[in-house]
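Participant: Take a look at the following structure, please.
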Amino acid sequence: MIAPKQAGISRFIDINLREIVPFIHWTFFFMAWRLNGKYDDIQTVCDCGSCKVGWLQKFPENEREKAQEALKLYKDAQEMLRRFLHEKIITINAMVGIYPAYSDEDDIYAIRENQEIKIPTLRQQSPSSDGFCYSLADFIKPENDFVGVFANTVLGVEAFAETFEKEDDMYHSILIKTLSDRLAEATAEWLHYKVRKEIWGYAPNEKPDVKEMFKTHYTGIRPAVGYPSIPDQSIIFTLDKLVDFSSLGINLTENGAMFPNASVSGLMFDHPKSKYFNIGKIDEQQFQNYAQRCGKSPDVLRKWLAANL
């Protein structure tokens, strides 16, 4: 356990887009367009014809058409990023709260303003590769520890995309939305780096190597709501009590979805052995226990965890 340098809430409003762009994981951007090739060096391709031809020739002949499509898409995305920046189309906001915390079996308790807020977690029932069944509560000590709660969003996306939809230009509308999704994830990556280096400060000597970050070669984790280790989307209402989503411009639907869609929220842990994992399927006994710990009707909760039952 390392006491944070800045406990409580740290809020970042209207973050400079130039700070976020280096954290974009372009592989997932291409995957959203069903372009699954390896384009790791696409950022090195300049606009001259010989450079493009040289890059395309690296690929087998049967892959060049998709590589050329990926290159065009990347150039269009770069142009859109320039528009975002110079026309001030989007606003990026983020916040993180670092709170005293402790664990009690599979529950995490975060303490804000002398109020204990319970964050129930699920435990794997099929072991991870190391033979252990993990719960996120394993990464919080039974006393005198800390947990981070974060949220970030990209505002202005929907209105801008709509201007293209009115002209039946669905390509640019989808481009804006997929690019904004990657910016939201990049902001979460940027925020986590600042937390490790400065705000919590438990990894002050970490080098700013984004490629290594994409491989999760860093201490601590930032599992997001709806991802494999936090499959219960309803937990987002609990996190809202710890970081006020509305102060960033995020609204929650009754189904726990965030609007704007280009938003991310979740937890942060500094435990040196914390790792990402997939909850997977759980049995009825754990489900009933989890419902009781959540204080929710099993009938209501079942819809939130349908994929895990």
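Participant: Please identify every one of the chymotrypsin sites (Phe, Trp or Tyr not before Pro) in the stretch 228-278 that sits in a loop by DSSP and has no more than 13 other beta carbons within 10 Å of its own beta carbon. Kindly include the intermediate steps, with their values, before the conclusion.
Facilitator: Details: sites: F237, F245, F269, Y276, F277; in loops: Y276, F277.
Taking the stretch 228-278 and a limit of 13 other Cβ atoms within 10 Å, the loop chymotrypsin sites (Phe, Trp or Tyr not before Pro) found are Y276.
Participant: Something else: Report Rg/Rh for the chain, rounded to two decimals, where Rg is the Cα radius of gyration and Rh the Kirkwood radius.
Facilitator: Details: Rg = 20.9 Å, Rh = 21.0 Å.
That ratio equals 0.99.
Participant: Please give the Cα centre distance for the stretch 1-43 versus the stretch 242-309, rounded to the nearest Å.
Facilitator: That distance is 22 Å.
Participant: Applying the Karplus parametrisation 6.51 cos²θ - 1.76 cosθ + 1.60 with θ = phi - 60° to the phi angles of the stretch 300-309, what ³J(HN,Hα) value in whole Hz is obtained for each residue in order, glycine and proline being reported as x?
Facilitator: Once θ is set to phi - 60°, the couplings for the stretch 300-309 become 6, 6, 4, 5, 6, 10, 4, 6, 9, 9 Hz.
Participant: Tally Lys/Arg at +1 and Asp/Glu at -1 over every other residue whose Cβ is under 14 Å from the Cβ of G266; what's the total?
Facilitator: Cβ neighbours under 14 Å give a net charge of -3.
Participant: Let me ask something else. Shape verdict for the stretch 166-253, please, from the Cα gyration tensor: rounded (a/c under 1.5), prolate (a/b greater than b/c) or oblate.
Facilitator: It is oblate, given that a/c is not under 1.5 and a/b is not larger than b/c.
Participant: Return one number: the angle in degrees, 0 to 90 and rounded to the nearest 10, between the long axis of the Cα atoms of helix 284-294 and the longest principal axis of the Cα atoms of the chain.
Facilitator: 80
Participant: Need one number: nm distance between label points at R83 and E113, each 7 Å from Cα along Cα→Cβ, rounded to one decimal.
Facilitator: 4.2
Participant: Can you tell me the dipole magnitude for the stretch 8-308 around its Cα centre, using point charges on the Cβ only (Lys, Arg +1; Asp, Glu -1), in Debye to the nearest 20?
Facilitator: Dipole magnitude for the stretch 8-308 comes out near 500 debye.
Participant: Sticking with this one: Using modelled backbone amide H atoms (1.01 Å from N, in-plane), which distant-in-sequence or interchain residues come within less than 5 Å of D145's amide H?
Facilitator: Result for D145 returns A101.
Participant: Continuing with the same structure: Through the Karplus equation 6.51 cos²θ - 1.76 cosθ + 1.60, θ set to phi - 60°, convert the phi angles of the stretch 23-38 into ³J(HN,Hα) values in whole Hz; use x for Gly and Pro.
Facilitator: 8, 6, 9, 5, 4, 6, 5, 5, 4, 5, 9, 6, 10, 9, x, 9
Participant: Can you count the Lys pairs in the stretch 135-267 with C-alpha separation below 22 Å, eight or more apart or on different chains?
Facilitator: For the stretch 135-267, the number of qualifying lysine pairs is 10.
Only the coordinates and a few stated rules stand behind these numbers; no lab work does. No experiment lies behind these values; they were computed from the predicted model shown. Note that we place each Cβ from the backbone using ideal geometry, even for glycine, and neighbour counts take in every protein chain shown.
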